[in-house]
Amino acid sequence: MNRLMTRWLTALASLAMLATTAQAAELPRVRLEGGASQLIVDGKPFLILGGELGNSSAGAEAQADTVLPHLASLHVNTALVPVAWDQLEPQEGSYDFRVLDHWVEVARRQNMRLVLLWFGSWKNGFSEYAPGWVKADGARFPRARAVDGTPLEILSTFGEETLKLDRRAFAALMAHLRQTDKQQTVLMVQVENEVGLVGDGRDRSAEADRAFNSAVPASLVQALQSKRGELTPELAAHFNPQGRNWKEVFGDAADEVFMTWRYASYIDSVAQAGKEQYALPMYLNVQLPAPLERAGEYPSGGPHPYYQQVYRAVASHIDFYAPDIYWPEFEYWVQRYQALGNPVFIPEARLQVAPYNALYAYGQARGFGFSPFDIDSLPAPGKDGGQDPLMMQVYGALKQLGDMLPAAQADNRTRGMVLHAKSPRATQTVSLGGYLFSGTLARSWPEKTLLTDDGAMLVLESAPDEFFVVGSGLHVNVRRDPDTDARVAGISSIEEVTRSGAGWTVLQRLNGDQSNQGRQLMMDPRQIRIYRVRLHAFAR
Ligand code: DGJ
């Protein structure tokens, strides 16, 4: 090899090394791509097949050794794990990362990722996870107060020392991750948990009263005014930029909007301190208001959709807002978050209906992640009367779709639907690739009784006239979408398939009674399956 060639090769090798280092240094980030939500990890979209742990499942090192392998066996690729301030800083100023480090190490061994939940000043409104030395010193770390002056188990957003030390602890956590988590096992961080004042619409301490009766910050009024045409109906109905104090500017919503501003400012400051150390994506989760609930019955001041634009005006270090959905109107809440410009990530969802709602979240809302709460309570594979948990079946199927899924989400080639026996409409229809897919819950023949109370599907267009359908419990009719053309549509073939290497193996061809004589995709009423459906259309 001559000298010139050797130099070239050395230069090329250094360039390659530089590129690798640059890539390794690239932090995860969240983006919206063609209407799809993406979490970019190592330069490409990463789909979180997530699960949040029960509140008492991650407080000890040893728990990682059983919980994470269990989750991995359920095809969960990302665990949402609490990090409690009281555990991290048992004595003021001295930090203990042992529990966290072990969880990160076990996750890495299991080839799993983590999202950390910073249980700092607040968790579900209350301040249980603040260190004992914070909770014991009501003078230095003041509490929010009830209307009769009683201090609550809730740290006040006016506590300057509390904010200072929450910031310091969170910054220590993020600095520690920057130094120790070179492989980026931790992808994102949730700052605090379901914040808001519980018990009343607003803090009634003397300091809160003073601020409440003073002028609303001009910067907030201006920020909302500049978005006047885009304000949510709830905010627009109350907003009066001509007013001066909170009551005048926000009318009947003043208590809650005031608390929203307080929590947004405080949490943004905590997030800023963390981001200065290590700028992972940071988001806030929310307890959603139930119909007819008053602020204070649900945490008053959280970033739920009604007044979320106050957070957006104030909290520039928060990347997005994410709903914890336990209420039945899953699709409604997802859409309200999308309408505000949030990428779709569901950090907590009700476990029992999660397998169905997941297919809506990934397929229709084109989300980058979904995470049922209390995932570690699911039985091990095959331990529930020989069955694998349905959630595991969903994640297993999505894993088989692999890179096809994020690519199809970004090209707007996925759809999804979820139906329950109590759904307001018995049939739902989605349009994809020139066809209308109408799903209804599976029924027996000839009695026509429901075979299941729940059904859902994710449809992915893989090629013209070819679709992968993941789901269970639905019977699906297909016709041509009249907005595309007036041709006549039909089913060419339905196969139940499974991934084998780069290709697919056909497990079963569904014909005759299993396809209603070629007229319907009839899914298994209870098990999640992957179907490859080929359609045709011809001129009338
Ligand atoms: C929402 C909270 O964020 C979770 O930590 C948990 O408490 C669930 N509610 C309810 O079990």
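The values are calculated or read from the model by the stated rules, or taken from the named source; none is laboratory data. Keep in mind it's a predicted model, so treat the numbers as computed, not measured. Reconstructed Cβ throughout: ideal geometry from the backbone, glycine too, with neighbour counts over all protein chains shown.
Surrounded by fewer than 24 Cβ atoms within 10 Å (Cβ to Cβ), within 27 Å of the chain's Cα centre (by Cα) and more than 16 Å from the ligand (Cβ to nearest atom): does that describe Arg143? The answer is no for Arg143.
Restricted to region 77-105, and to residues that are away from the ligand (no atom under 16 Å from the Cβ) and within 23 Å of the chain's Cα centre (by Cα), which residue is surrounded by the fewest Cβ atoms within 10 Å (Cβ to Cβ)? Filtering first and then ranking leaves Asn77. For region 316-341, the set of residues classified as assigned to a loop (DSSP other than H, G, I, E, B) and closer than 30 Å to Ala273 by Cα consists of Ser316, His317, Ile318, Asp319, Leu340, Gly341, listed by residue number.
Is at least one residue of region 431-447 at pLDDT below 95 and within 27 Å of the chain's Cα centre (by Cα)? No, because not a single residue in region 431-447 is at pLDDT below 95 and within 27 Å of the chain's Cα centre (by Cα). For region 50-62, residues that are more than 16 Å from the ligand (Cβ to nearest atom) and outside any loop (DSSP other than H, G, I, E, B) total 2. Restricting the first member to region 346-360 and to residues that are closer than 20 Å to Pro379 by Cβ and at pLDDT 95 or above, and the second to residues that are acidic (Asp, Glu) and outside any strand (DSSP E or B), the beta-carbon pairs closer than 7 Å and six or more apart or on different chains are Leu351/Asp374. Among the candidates Ala410, Ala456, the residue that is more than 13 Å from Met522 (Cβ to Cβ), touching a helix residue (DSSP H, G or I) at 6+ places or on another chain (Cβ under 7 Å) and in contact (Cβ under 8 Å) with a residue 60 or more places away in the chain is uniquely Ala456.
Scanning region 294-324 for residues that are free of Cβ contacts under 8 Å to residues at least 60 places away in the same chain, surrounded by 23 or more Cβ atoms within 10 Å (Cβ to Cβ) and over 14 Å from Gln338 (Cα atoms) returns Tyr311, Ala315.
Scanning region 520-540 for residues that are among the aliphatic types (A, V, I, L, M) and not in a strand (DSSP E or B), we see that the one that is nearest to Thr498 (Cα to Cα) is Ile528. Among the residues of region 374-392, the ones that are more than 16 Å from the ligand (Cβ to nearest atom), over 16 Å from Ala361 (Cβ atoms) and either surrounded by 14 or more Cβ atoms within 10 Å (Cβ to Cβ) or in contact (Cβ under 8 Å) with a residue 40 or more places away in the chain (or both) come to 7 in all.
Any idea how many residues of region 343-370 are within 11 Å of the ligand (Cβ to nearest atom) and either under 15 Å from Ala456 (Cα atoms) or not in a loop (DSSP other than H, G, I, E, B) (or both)? So the answer is 4. Being touching a residue at least 40 places away in the same chain (Cβ under 8 Å) and either over 32 Å from the mean Cα position of the chain (by Cα) or crowded, with 20+ Cβ neighbours inside 10 Å (or both) is a condition met by at least one residue of region 228-238. Listed by first and then second residue, the pairs with beta-carbon distance under 7 Å, at least 6 apart or on different chains, first residue in region 268-280 and at negative phi, second of a type in the set (Ser, Thr, Tyr) and at pLDDT 95 or above, are Asp268/Ser316. Counting residues in region 443-455 that are acidic (Asp, Glu) and within 21 Å of Met392 (Cβ to Cβ) gives one or more. Taking first residues from region 39-60 that are in contact (Cβ under 8 Å) with a residue 24 or more places away in the chain and partners that are in a loop (DSSP other than H, G, I, E, B) and within 16 Å of the ligand (Cβ to nearest atom), the Cβ contacts under 8 Å between residues at least 6 apart in sequence or on separate chains come to Glu52/Asp374; Leu53/Asp374; Gly54/Asp374. Residues of region 178-192 that are within 13 Å of the ligand (Cβ to nearest atom) and under 13 Å from the mean Cα position of the chain (by Cα): Gln190 alone. Taking the numbered list (1) hydroxyl-bearing (Ser, Thr, Tyr); (2) within 16 Å of the ligand (Cβ to nearest atom); (3) more than 18 Å from Thr157 (Cα to Cα) in turn, Tyr306 passes all entries but (2).
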